[in-house]
Amino acid sequence: MTTRAAPFGMLAVAAAVALGACGGQDPAPTGSSTSSSPTSESSPTSTVTVTSTPEIETLDAPEQQELTRKQIIAALPADGEGPEGFGLTRKDVDVAADGSSDTDPQACLAATFGTPEVRSWTTKHRTEGSGVRHEHRGGGNPTPSLVVSVWTHDRPYPTRFLDDAGAAMARCASYEDNGTEWRTHHIANPVIGDRSFAVRRSSTAINLTIDDLWVRSGHNLINVRLASGPGPDSSDTLEKHAQGVLDDLTKATP
């Protein structure tokens, strides 16, 4: 499978270095068979000044642009395009948009993109969003489901939100969300879009496992979420459907 990564501008660094040193050594006395000890040299001093320009992204690919609602809907997997044995059950869902509402420790909100900073930024800059739900036709408790969501914004989605999600994992191997205990760990993180983050959350109390893949592509955030009972992680399924969305967006028309 071919994946895409947006090019980034190179970091320019200018440095000016001024070095100064002084010192000397007395000559050996005439006729002396041994050399005199060198005198102490003054300590070298240096001054380094470094300036840098911010990293600049080149976001010129179609899948990195702010999208219309029509483009988003066209890129979502239609009936028959979900995993084998799954069927489309709902359109225009947004169940993964805002993450959890209350976690202990609170830092674990970052792993579900639900921190106050993320919510505030989203309120200001999200312009469109939609998703679809596919469920396994065989049912089950819980019934396995796949939700694919896309949100677009009037400016590039901050990569720091994905960095924050990854950093939060160090404190969130076990945490509570609205009174339910969850355990988390990283799952295979594909090189896809501009930046990606993948995590598994599981709760034995409610017999539920949720695999999430978040992909940032310029102005857009893609989430692929597979919910089911215990079992192997679904990293291949997550990557396949995220890449499918990106592929469809490369040929989207307004």
- Looking only at the range 67-88, which residues are open to solvent by 20 Å² or more (accessible area, probe 1.4 Å), farther than 15 Å from Arg137 by Cβ and in a loop (DSSP other than H, G, I, E, B)? Thr68, Ala78
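Out of the range 237-254, which residues are touching a residue at least 12 places away in the same chain (Cβ under 8 Å) and either open to solvent by 10 Å² or more (accessible area, probe 1.4 Å) or on the phi > 0 side of the Ramachandran plot (or both)? Spell out the reasoning first.
Looking only at the range 237-254, we keep the residues that are touching a residue at least 12 places away in the same chain (Cβ under 8 Å), and these are 237-246, 248-254.
Within the range 237-254, Thr237, Glu239, Lys240, His241, Gly244, Asp248, Thr250, Lys251, Ala252, Thr253, Pro254 qualify.
Among the residues of the range 112-120, is there at least one that is touching an Asp or Glu at 6+ places or on another chain (Cβ under 9 Å) and within 20 Å of Ile206 (Cβ to Cβ)?
yes
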- What is the residue count in the range 194-205 for residues that are charged (D, E, K, R), open to solvent by 20 Å² or more (accessible area, probe 1.4 Å) and over 9 Å from the mean Cα position of the chain (by Cα)? 1
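Residues checked against (1) surrounded by fewer than 14 Cβ atoms within 10 Å (Cβ to Cβ); (2) modelled with pLDDT of 95 or more; (3) over 20 Å from His241 (Cβ atoms):
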| site | (1), (2), (3) |
| --- | --- |
| Ala111 | no, no, yes |
| Thr122 | no, no, yes |
| Pro142 | no, no, no |
| Cys172 | no, no, yes |
| Val191 | yes, no, no |
- Note on the structure: The residue that is farthest from the chain's Cα centre (by Cα), considering only those in the range 101-118 that are more than 24 Å from Leu226 (Cβ to Cβ) and outside any loop (DSSP other than H, G, I, E, B), is Asp104
- Which one is surrounded by the most Cβ atoms within 10 Å (Cβ to Cβ), of the residues in the range 206-223 that are touching an Asp or Glu at 6+ places or on another chain (Cβ under 6 Å) and among the charged types (D, E, K, R)? Asp211
- Count of residues meeting criterion [acidic (Asp, Glu) and either open to solvent by 80 Å² or more (accessible area, probe 1.4 Å) or on the phi > 0 side of the Ramachandran plot (or both)] in the range 174-186: 2
- Item | Unmet criterion (only one of (1) closer than 26 Å to Phe197 by Cβ; (2) open to solvent by less than 20 Å² (accessible area, probe 1.4 Å); (3) at pLDDT 90 or above) for Ser100 | (3)
- Could you tell me which of the residues Ser149, Ser145 is of a type in the set (S, T, N, Q), under 16 Å from the mean Cα position of the chain (by Cα) and closer than 20 Å to Glu81 by Cβ? Ser149
- Task: May I ask you to verify whether Leu213 is closer than 17 Å to Gly114 by Cβ, of a type in the set (A, V, I, L, M, F, W, C) and not in a helix (DSSP H, G or I)?
- Result: yes
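The values are calculated or read from the model by the stated rules, or taken from the named source; none is laboratory data. Just so it is clear, the model here is predicted, and its values are computed rather than measured. Here the Cβ is made from the backbone with ideal geometry for all residues, glycine too, and neighbour counts use every protein chain on show. Calculation scope for accessible area: heavy atoms of the full protein, side chains included, ligands and nucleic acids excluded. Shrake-Rupley method; radii C 1.70, N 1.55, O 1.52, S 1.80 Å.
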